[in-house]
1. If you go through the range 60-78 one residue at a time, do you hit one that is within 30 Å of the chain's Cα centre (by Cα), within 16 Å of the ligand (Cβ to nearest atom), at positive phi and aliphatic (A, V, I, L, M)?
2. State all residues of the range 137-158 that are closer than 17 Å to Asn241 by Cβ and away from the ligand (no atom under 12 Å from the Cβ); if no residue qualifies, say none.
3. For the range 289-310, name all the residues that are among the aliphatic types (A, V, I, L, M) and within 14 Å of the ligand (Cβ to nearest atom).
4. Please state which one of Val391, Val415 is crowded, with 18+ Cβ neighbours inside 10 Å, touching a Leu at 6+ places or on another chain (Cβ under 9 Å) and over 22 Å from Lys289 (Cα atoms).
5. Looking only at the range 529-547, count how many residues are in a loop (DSSP other than H, G, I, E, B) and surrounded by 19 or more Cβ atoms within 10 Å (Cβ to Cβ).
6. Please specify each residue of the range 86-111 satisfying the condition of being more than 17 Å from Phe37 (Cβ to Cβ) and surrounded by fewer than 18 Cβ atoms within 10 Å (Cβ to Cβ).
7. From the list Gly95, Gly101, pick out the single residue that is in a loop (DSSP other than H, G, I, E, B), within 16 Å of the ligand (Cβ to nearest atom) and more than 24 Å from Thr239 (Cβ to Cβ).
8. Restricting attention to the range 619-636, report how many residues are loosely packed, with under 14 Cβ neighbours inside 10 Å and in contact with a strand residue (DSSP E or B) (Cβ under 6 Å, 6 or more places away or on another chain).
Amino acid sequence: MHYGADYNPEQWPEEVWPDDVARMREAGVTTVSLGIFAWARIQPREGEFDFAWLDRVIELLHEGGIAVDLATATASPPPWASAAYPEILPRDEDGSVYWPGSRQQFAPSSPVYRRLAGELVTAIAERYAGHPAVVLWHVNNEYGCHLHADYSDAARDAFRRWLRERYADIDALNAAWGTNFWSQRYGSFDEVFPPRKAPYSRNPGQMLDFRRFTSDMLLECFLMERDLIRAAGATQPITTNFMGAFKPADYAKWAPHLDVLSDDCYPDPNDPESFRAAAFQRDLLRSLKPDVPWLLMEQATNALNWRPANAPKAPGQMAALSAQAIGRGADGILFFQWRQSRAGAEKFHSAMLPHAGTGTRTWREVVALGADLAALPSLPAGARDARVALVFDWENWWAVEGSDHPQNQVDYLAVVQRWYRALHRRHVQVDLVTPERVGEGYDLVIAPLLYLLREEGAAALAAFVEGGGHLVTGPFTDVVDEIDRFRMGGFQTQLGGVLGLRVEDFGAMVAPDAPASEPGERFAPFSGVAGAGMGTLLAEELRVTDASVEASFTAGRRAGAPAVTVRAGAGGGGGSARYVATIPDEAGVQAVVDHVLAATGVAPVLAGLPEGVEVARRGDVLTVINHGAEPVEVPVRGTDLVSGESVGGVVLEPHDWRIVRES
Ligand code: GLA
């Protein structure tokens with residue numbers, strides 16, 4: 001179990017470093033991420049490298065028995081780089097420049113940025129590839145975090161190259177983007193631009209491809225660095241830190257290229273339900289690369305600096321959220337950062353070693369967690385425990401939130417997380433997968449809002465149901481192909497047979513609290529054996545041909561019409577396919593989930609727990625956590641892997657947790 005933090009010794013005089021290492025040992029730190037923002041110190045001028053200080057830091061750490069996750073330092077180019085090469089600066093869709101003075105001010109597709117970054121990576125990798133302290137390579141940092149897309153001339157040129165590779169022939173692009181609409185037909189790839197600011201709605205195919213391109217440009221940067229590290233002879237695993245469900249980067253496409261995934265996660269202590277969003281993020285990380293334990297690369301020991309109000313963590317909450325990550329597949333708990341900064345934008349951000357020193361609650365909790373993690377034995381890797389898959393797909397996310405839809409207020413991530421929360425409250429273990437992966441041994445698959453459905457995904461979903469699986473999908477599902485065009489023959493052209501229905505109209509509705517100036521049908525309730533709730537945003541008109549109705553709308557223009565349907569899978573395999581014709585509210589999703597769990601017999605990891613208690617399975621290891629305000633008795637039996645004692649049920653105080661190997 002790795003334990004540690006981002007370590008930024010360049011922010012401190014050298015006399016502080018030995019104290020850092022001594023304190024790290026006191027806290028049980030095993031690993032630090034070094035040099036993430038040190039480009040300006042490592043390369044003070046083009047062509048000149050200063051490694052003497054870094055040599056000394058790495059030696060000190062190594063002597064102290066602390067391993068290094070060595071950064072490539074490319075996330076924040078130094079001022080000399082943009083002064084000499086202003087073309088590396090990114091631009092927004094208006095053409096405004098993102099100037100230096102912060103960080104991440106680089107255009108990912110800029111050949112000059114890539115050359116400069118590449119020279120730095122090669123110099124670092126050649127120097128430290130063989131150093132025994134280096135156990136992991138940390139490429140860049142949070143690719144795309146602040147800069148979700150770049151529209152610079154470098155991006156323009158790279159977009160044209162990317163499109164040439166994708167379509168080969170400009171007429172193929174014209175057909176894909178439907179450019180006969182509004183006289184957008186291109187004569188050559190050199191006429192195409194990134195979707196910069198335009199008078200009105202931009203071409204949906206172009207927008208979607210630009211999203212793919214943006215993710216691919218960041219991935220190209222990662223791959224370039226990875227290849228240079230390997231070319232320098234390094235054999236350690238290579239990672240870059242993800243940010244959970246981060247819209248600009250299609251991590252499902254990235255994950256195969258990383259040796260080990262790592263993630264940064266900052267749940268808001270002001271939100272009493274943020275632990276469920278954090279659980280979602282952990283499950284996503286595990287699902288993206290199921291056979292390799294991931295690392296929690298960054299979290300905060302206490303308060304942040306970047307929310308409007310930065311609440312402290314409650315006593316014990318930091319350890320509880322760490323246990324959550326371990327229970328959901330992590331083999332390392334690291335923080336941003338080791339020693340709280342004295343200067344700079346993040347000086348109020350908490351750290352392992354607070355500015356107020358070691359007489360603080362934060363420090364005591366840091367030391368206690370270090371001791372607990374050190375006591376843990378190795379945990380099962382690659383356990384596939386979930387019986388339920390929740391479909392989460394980046395390309396669909398981009399497309400479903402495109403413009404000019406029947407309903408333009410759909411928040412895909414929020415809807416998927418609503419379904420996740422309902423399963424989490426019932427202590428059901430969930431994987432988060434693309435539709436192509438639903439055949440990996442699940443009993444129940446839930447696929448909300450699968451607007452863009454690739455042929456392979458549709459085939460996998462259909463085969464899943466025919467093979468005896470239970471599917472829940474809808475609304476606004478199976479509507480377009482992978483370039484955001486309608487498929488010929490109406491909607492649900494791929495899943496209509498499995499579902500026994502087609503959608504004829506999407507039926508947008510207006511929120512009940514919308515101002516009177518927004519007239520129109522308000523949200524419509526539904527009820528039936530599938531449960532009751534409020535249908536929001538969409539109330540689709542279905543043509544049901546071969547399914548039974550499990551709930552109907554009870555008011556509004558669809559009163560009496562089907563809201564939830566079910567069709568038994570063909571072939572006598574015992575499977576089923578449900579369709580939900582609206583976006584149910586929180587209570588509605590919970591009701592439908594409860595109905596589906598009962599109907600399909602999917603069991604919780606542990607029965608009878610209150611909603612504020614979380615349980616996760618990792619092979620034969622159960623992690624139980626009390627996020628609630630009252631003590632709870634949890635019937636978990638086996639060996640407590642921290643204390644080594646055998647337990648026959650435990651009482652968990654608020655924010656208390658146990659990691660138990662089942663007997
Ligand atoms: C991100 C970055 C870190 C730091 C933290 C602060 O995760 O990677 O460098 O800025 O945010 O929360």
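The values are calculated or read from the model by the stated rules, or taken from the named source; none is laboratory data. On a predicted model such as this, the values are computed, not experimentally measured, just so you know. Cβ atoms come from the backbone with ideal geometry, glycine included; neighbour counts cover every protein chain shown.
1. If we filter the range 60-78 for residues that are within 30 Å of the chain's Cα centre (by Cα), which is where we start, we get 66-78.
Next cut, within 16 Å of the ligand (Cβ to nearest atom) only: 69-77.
Those still in the list that are at positive phi too: 73.
Adding the requirement that they be aliphatic (A, V, I, L, M) leaves 73.
Checking the range 60-78: at least one residue is within 30 Å of the chain's Cα centre (by Cα), within 16 Å of the ligand (Cβ to nearest atom), at positive phi and aliphatic (A, V, I, L, M).
2. Within the range 137-158, the subset closer than 17 Å to Asn241 by Cβ is 137-148.
The answer is Trp137, Val139, Leu147, His148.
3. Taking the range 289-310 as the starting set, the residues that turn out to be among the aliphatic types (A, V, I, L, M) are 292, 295-297, 300, 303-304, 309.
Matches in the range 289-310: Leu295, Leu296, Met297, Ala300, Ala303, Leu304.
4. Numbers: Val391 fails: over 22 Å from Lys289 (Cα atoms).
Every option except Val415 fails the conditions.
5. Residues in the range 529-547 being in a loop (DSSP other than H, G, I, E, B) and surrounded by 19 or more Cβ atoms within 10 Å (Cβ to Cβ): 4 in total.
6. Residues satisfying the conditions are Pro86, Glu87, Asp92, Glu93, Asp94, Gly95, Ser96, Val97, Trp99, Pro111.
7. Values: Gly95 fails: within 16 Å of the ligand (Cβ to nearest atom).
Result: Gly101 is the single residue among Gly95, Gly101 that is in a loop (DSSP other than H, G, I, E, B), within 16 Å of the ligand (Cβ to nearest atom) and more than 24 Å from Thr239 (Cβ to Cβ).
8. As a first pass, look at the range 619-636 and keep what is loosely packed, with under 14 Cβ neighbours inside 10 Å: 629-631, 633, 635.
Still in the running and in contact with a strand residue (DSSP E or B) (Cβ under 6 Å, 6 or more places away or on another chain): 631, 633, 635.
Matching residues across the range 619-636 total 3.
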